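First up is the structure itself, then whatever we jot down about it.
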Amino acid sequence: MPLRSPDWTPSATLDPVRLDWLDSASVSLALLRLERIDPLVSGNKWFKLAPHLARAAAQGAEGVISLGGAHSNHLHALAAAGRRFGFPCVGLLRGEPVETPTVSDLRELGMALHWLGYGGYRARHLPGFWEPWAARYPGFLQVPEGGGGLVGAQGCAPLVAMIQEQLPRLGWDDYDALWVAAGTGTTLAGLVLGEGGRHSVFGALAVPPDHGVAQQVSALLAEAGAVDAGYRLLDASRGGFARVDAALAQALFDFEARTGIELDPLYTAKALIALRQHVEAGYLAAGSRVIMLHTGGLQGRRAMLPRLLRLAGYTATSADASR
Ligand SMILES: *Cc1c(COP(=O)(O)O)cnc(C)c1O
């Protein structure tokens, strides 16, 4: 049975956040709480996925097949959407089989899983990669890693209107910059499209600068026929994607203690630290108003939590110490 286009357009609230380092610089910050749109289908990944699902429905696809790692927020959102909207989905996983909280969720949500190894996963860009999967899962739409591509970016453009609509609630008539954590840069490109040059978009890179995000964003904007301008990329990776350290762990828990808002260690916590450095370096004039997307990813942090707690100096359990 062909899948139906999901009829769901969630909205996220825009919440002000007060922190001493913001107050010291007279900078205001509000977070677009994408992590709260749904307990399962959380974060920016839904917005990147939605147009792919609409396309799958338009093509009469039978299901959706995509790829990711053992902690993938993207596969998690896809599996959750598959369960919610009743379509079959398949996840092609990087590396050797490993049991993570994400993987056990994927299975429970009904996603069919195939482990490709590392070499097999690297082959995903080679011609012919999809052929056996198309034969095994005929009529399944192939969604690129992370829900990327121009289709995914376009799904994020409406987030700008979601922000605009809520400014009055904050008592803001405008804002000065929009910040987002960038992995592939798809979400960032979508925001640049949505802004159409009105505000500059800052991409806090969760991956090192040589990972091609700049080229990727340029290519998406070119494909959309938009000008390649209105954004800036900053290295927020702290030496590598998935690299965590004590200062990061402390910033994450400190933020949570002060605001009650959880962050994920790989994207949003790193973006917040990059913003703090930007503010403390004096790049933002007093009175500046910044909006940052909370892009979710909280499901992915579960496996890392013991390590983060230990890094931050909170716990040192024997089970954890033996790793
Ligand atoms: C995937 C992800 C991002 C990055 O999104 P891109 O569109 O790949 O740049 C940011 N934050 C979180 C929590 C994510 O899961």
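The values are calculated or read from the model by the stated rules, or taken from the named source; none is laboratory data. Every value quoted in this text rests on a predicted model; they were computed, and no experiment measured them. Note that we place each Cβ from the backbone using ideal geometry, even for glycine, and neighbour counts take in every protein chain shown. When the accessible area is computed, the model is the full protein with side chains, heavy atoms only, and any ligands, DNA or RNA have been set aside. Shrake-Rupley method; radii C 1.70, N 1.55, O 1.52, S 1.80 Å.
For this structure, a couple of remarks:
- Qualifying residue in segment 28-51 (condition: open to solvent by 70 Å² or more (accessible area, probe 1.4 Å), modelled with pLDDT of 95 or more and within 14 Å of the ligand (Cβ to nearest atom)): yes
- Test: residue in segment 252-261 that is hydroxyl-bearing (Ser, Thr, Tyr) and crowded, with 20+ Cβ neighbours inside 10 Å: no
- Test: residue in segment 3-16 that is basic (Lys, Arg), modelled with pLDDT under 95 and surrounded by fewer than 22 Cβ atoms within 10 Å (Cβ to Cβ): yes
- Strands (runs of 3 or more DSSP E) completely within segment 1-95 that count 1 or more residues being in contact (Cβ under 8 Å) with a residue 60 or more places away in the chain: 14-17, 28-33, 63-68
- In segment 142-171, the residues that are closer than 14 Å to ALA50 by Cα and modelled with pLDDT of 95 or more reach residues that are open to solvent by 30 Å² or more (accessible area, probe 1.4 Å) and not hydrophobic (A, V, I, L, M, F, W, C) with C-beta atoms within less than 6 angstrom, at least six apart or across chains, in these pairs: LEU150/GLU223; VAL151/PRO51; GLN154/PRO51; GLY155/PRO51.
- Residue tally, condition more than 15 Å from the ligand (Cβ to nearest atom) and under 22 Å from the mean Cα position of the chain (by Cα), over segment 177-202: 5
- Flag for GLY117 being open to solvent by less than 70 Å² (accessible area, probe 1.4 Å) and over 26 Å from ARG301 (Cα atoms): no
- The residues on offer are LEU233, LEU266, and the sole one that is open to solvent by 40 Å² or more (accessible area, probe 1.4 Å) and within 25 Å of LEU49 (Cβ to Cβ) is LEU233.
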